[in-house]
Protein chains: 2
Amino acid sequence: MLPVIFPHTLHSPPAPCLPCSSKPQLLPSRPSFRAASASFSMESHSNQGRTKFMEFPYFSAPHKRLMVDLVSTVETRLASQLLPCTLPPDVQYYQNESGTNHATLHIRSGLTSSPIDFILGSWLHCQLPTGGALNITSFFSYLNPSTNAPHFLLEFFQSSPTSLVFFLDLLPRKDVVLHPDYLQTFYEDTQLDAPRQKLEKLAEVKPYFSPSLYIRSFVSPTAVLVRIEAQDGGLSVEEVIENHVGPVAKEVLGIWLDQCACAKREVGENERGELKKRDDVIKRNAIELDLGSNFRSWFGADTADRVIGAIREAYRV
Amino acid sequence: MLPVIFPHTLHSPPAPCLPCSSKPQLLPSRPSFRAASASFSMESHSNQGRTKFMEFPYFSAPHKRLMVDLVSTVETRLASQLLPCTLPPDVQYYQNESGTNHATLHIRSGLTSSPIDFILGSWLHCQLPTGGALNITSFFSYLNPSTNAPHFLLEFFQSSPTSLVFFLDLLPRKDVVLHPDYLQTFYEDTQLDAPRQKLEKLAEVKPYFSPSLYIRSFVSPTAVLVRIEAQDGGLSVEEVIENHVGPVAKEVLGIWLDQCACAKREVGENERGELKKRDDVIKRNAIELDLGSNFRSWFGADTADRVIGAIREAYRV
């Protein structure tokens with residue numbers, strides 16, 4: 001959720017001093033935090049929260065279409081295995097005091113009988129002190145230790161109309177150095193490197209190295225971790241998303257749904273313990289790395305703590 | 001040793017059909033395999049083998065100077081901890097039947113009281129069926145389980161005068177996802193990403209993705225794994241080696257010598273067992289991945305088996 005792959009890429013702006021001058025223009029109705037909370041009735045807040053999440057108001061049309069498509073595909077395919085979102089309204093939608101920064105969070109846990117741990121979607125919009133804006137969209141689907149199949153992770157990070165960082169991965173659940181058979185099953189037999197290679201061929205696409213060495217370490221060897229930059233006379237960022245990123249993301253999600261989320265796999269008690277241990281370490285580190293100083297400075301300590309608390313609960317760490 | 005990072009990058013040429021037309025020009029005296037064996041006396045073959053290894057006859061002057069510098073630096077600094085090379089002469093220098101393909105191998109084990117497992121150097125020259133030539137230089141320094149510090153790995157892979165693949169890494173000995181403190185100690189505190197970032201800035205340097213997913217997985221997050229390509233009006237490959245690759249390789253080797261090979265580290269019995277298990281898996285997979293069909297087709301099955309046997313003995317797997 002929230003910047004998983006991109007911590008420390010921004011200078012942390014001082015918390016209370018974010019400029020209010022450039023109000024976001026694209027969100028049709030942007031209630032204050034209190035108003036938003038009040039407008040959610042207790043019975044329907046889950047649907048209202050999902051609707052708000054699926055608006056993706058600060059994103060280009062191809063970007064929004066892609067996100068809606070991906071989330072809908074997963075929610076439809078896994079419908080019988082997912083519980084409704086039970087996040088409080090003020091975690092499903094939150095903003096900073098000055099109203100310049102907004103975000104949504106959509107989490108649905110899996111039934112205990114399902115291999116799904118939870119799915120998590122989010123968009124986040126922040127006005128930067130430099131005058132620009134930062135937009136992050138995330139969609140993760142985590143499995144529980146009843147299976148050792150990889151998690152699905154996708155994230156976009158955009159701080160300019162002509163440049164965007166894109167992360168897409170099936171996240172390994174085991175140390176693949178000690179378990180080459182795991183690589184074979186989930187990454188070689190599924191030809192997971194082919195989508196990455198398709199993107200790599202575009203002039204607009206360059207490898208991206210996360211400033212966090214931990215994040216570089218925990219991704220798979222087929223992870224798509226790229227910077228997309230519009231070129232003079234080349235494709236726009238929107239065209240790259242529409243015609244290249246979209247098909248690649250759908251292909252990888254299809255592999256994850258068929259070969260990971262919906263494939264029966266036998267996992268013994270010992271291995272379950274190992275999987276849980278590794279998942280917990282990754283989740284804890286992700287929260288510590290991702291939701292640190294930037295998040296507090298963007299939304300204020302109270303809001304940040306409330307959202308982080310809800311995420312810890314969903315992550316069960 | 002021999003292509004660690006670059007397996008499967010070449011179409012395996014049929015073993016007995018390598019063309020003999022373009023004889024190598026750079027090796028001053030190139031005795032046949034039998035003559036080479038006979039010329040090594042039993043007493044002095046270790047020195048003669050080292051001399052032949054240090055000739056690097058198929059490589060540019062900056063490349064040769066760099067390799068001699070790196071190997072000499074390690075052998076001087078670790079002199080009191082290294083045994084002489086005890087490889088048989090026909091493993092220290094070997095070639096194929098037709099005399100088109102040549103290679104040297106130089107291995108020195110560490111004393112049992114030392115943290116050094118072994119150092120391994122090699123150069124390899126093969127005429128390719130396409131008419132070009134392939135040159136590989138490798139230099140590895142492995143530590144034993146009395147320490148958990150990373151191994152040192154360096155490799156060049158060149159199949160054209162204007163293009164070269166370069167690999168440089170301190171290879172992690174632990175699953176860094178479960179042990180972020182390991183990343184902190186050996187990769188963050190030592191600022192190991194800085195040398196990689198220096199190279200990344202050059203127009204002639206591009207990230208290289210090994211076709212082997214296993215190899216992509218076992219390297220560290222600061223690994224330099226790049227393709228160097230001469231650009232019109234830019235630097236030549238030799239200039240990049242002389243002015244950029246060389247300083248970076250020396251800097252990383254310096255970090256390895258100071259912070260890994262020569263730093264005392266406490267390792268308990270349990271951890272030693274884990275380290276040995278992981279090292280053995282990596283070594284076994286490296287041999288299987290690297291010295292497969294290409295190696296047999298380049299040198300013939302008998303020679304390949306003899307060399308692989310010697311490497312297995314040095315690797316103790």
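The values are calculated or read from the model by the stated rules, or taken from the named source; none is laboratory data. Since this is a predicted model, take the numbers as computed values, not measurements. Because the Cβ atoms are built from the backbone with ideal geometry, glycine has one as well, and the counts that use them run over all protein chains shown.
Confirm whether B:L164 is part of a helix (DSSP H, G or I), among the hydrophobic types (A, V, I, L, M, F, W, C) and either within 10 Å of another protein chain (Cβ to nearest Cβ) or touching a residue at least 24 places away in the same chain (Cβ under 8 Å) (or both). Let's see the steps before the verdict.
Working: part of a helix (DSSP H, G or I): no; among the hydrophobic types (A, V, I, L, M, F, W, C): yes; either within 10 Å of another protein chain (Cβ to nearest Cβ) or touching a residue at least 24 places away in the same chain (Cβ under 8 Å) (or both): yes.
No, not satisfied.
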**Request:** For the stretch B:133-148, enumerate the residues that are touching a strand residue (DSSP E or B) at 6+ places or on another chain (Cβ under 6 Å) and either on the phi > 0 side of the Ramachandran plot or outside any strand (DSSP E or B) (or both).
**Result:** B:N144
**Prompt:** Checking A:S72 against (1) surrounded by fewer than 22 Cβ atoms within 10 Å (Cβ to Cβ); (2) part of a loop (DSSP other than H, G, I, E, B), which single condition isn't satisfied?
**Reply:** (2)
**Complete:** Per the filter on the stretch A:49-69, residues crowded, with 18+ Cβ neighbours inside 10 Å and among the polar types (S, T, N, Q) are A:S60
**Prompt:** What is the number of the single condition among (1) modelled with pLDDT of 95 or more; (2) at negative phi that B:Q191 does not meet?
**Reply:** (2)
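Checking the structure you have, find out if any residue of the stretch A:82-89 is part of a helix (DSSP H, G or I) and either within 23 Å of A:E155 (Cβ to Cβ) or modelled with pLDDT of 50 or more (or both).
We begin by selecting, within the stretch A:82-89, every residue part of a helix (DSSP H, G or I); these are A:89.
Now narrow it down to the ones that are either within 23 Å of A:E155 (Cβ to Cβ) or modelled with pLDDT of 50 or more (or both): A:89.
Yes - at least one qualifying residue is present in the stretch A:82-89.
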**Request:** From (1) within 30 Å of A:L192 (Cα to Cα); (2) outside any helix (DSSP H, G or I), pick out the condition that doesn't hold for B:Q197.
**Result:** (2)
**Prompt:** When you look at B:L225, is it in contact with a strand residue (DSSP E or B) (Cβ under 7 Å, 6 or more places away or on another chain) and surrounded by fewer than 22 Cβ atoms within 10 Å (Cβ to Cβ), yes or no?
**Reply:** yes
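Can you go through A:R65, A:R50, A:R77 and tell me which one is closer than 18 Å to A:Y142 by Cα and of a type in the set (K, R)?
Values: A:R65 fails: closer than 18 Å to A:Y142 by Cα; A:R50 fails: closer than 18 Å to A:Y142 by Cα.
Of the residues listed, the single one that is closer than 18 Å to A:Y142 by Cα and of a type in the set (K, R) is A:R77.
Any idea which of A:P129, A:P145, A:P88, A:P84 is surrounded by fewer than 22 Cβ atoms within 10 Å (Cβ to Cβ), within 20 Å of A:R284 (Cα to Cα) and more than 18 Å from the chain's Cα centre (by Cα)? Give the steps one after another, and end with the answer.
Numbers: A:P129 fails: within 20 Å of A:R284 (Cα to Cα); A:P88 fails: within 20 Å of A:R284 (Cα to Cα); A:P84 fails: within 20 Å of A:R284 (Cα to Cα).
It is A:P145.
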**Prompt:** Quick one: how many residues across the stretch A:191-229 are facing chain B (nearest Cβ under 9 Å), more than 17 Å from the chain's Cα centre (by Cα) and of a type in the set (V, I, T)?
**Reply:** 1
**Request:** Please verify whether the stretch B:264-279 includes one or more residues that are closer than 21 Å to B:L213 by Cβ, within 14 Å of another protein chain (Cβ to nearest Cβ), without any contact (Cβ under 8 Å) to a residue 60 or more places away in the chain and under 18 Å from the mean Cα position of the chain (by Cα).
**Result:** no
**Asked** Pick from the stretch A:238-249 the residues that are of a type in the set (V, I, T) and surrounded by 22 or more Cβ atoms within 10 Å (Cβ to Cβ): which of them is farthest from A:L153 (Cα to Cα)?
**Response** A:V240
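Could you run through the stretch B:264-302 and say how many residues are part of a loop (DSSP other than H, G, I, E, B) and surrounded by 15 or more Cβ atoms within 10 Å (Cβ to Cβ)?
Matching residues across the stretch B:264-302 total 4.
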**Request:** Residue by residue through the stretch B:226-248, note down the ones that are out of contact with any Pro (no Cβ under 7 Å at 6 or more places or on another chain) and not in a helix (DSSP H, G or I).
**Result:** B:R227, B:I228, B:E229, B:A230, B:Q231, B:D232, B:G233, B:G234, B:L235, B:S236
**Message:** Which count do you get for residues in the stretch A:176-190 that are facing another protein chain (nearest Cβ under 10 Å) and without any contact (Cβ under 8 Å) to a residue 12 or more places away in the chain?
**Reply:** 6
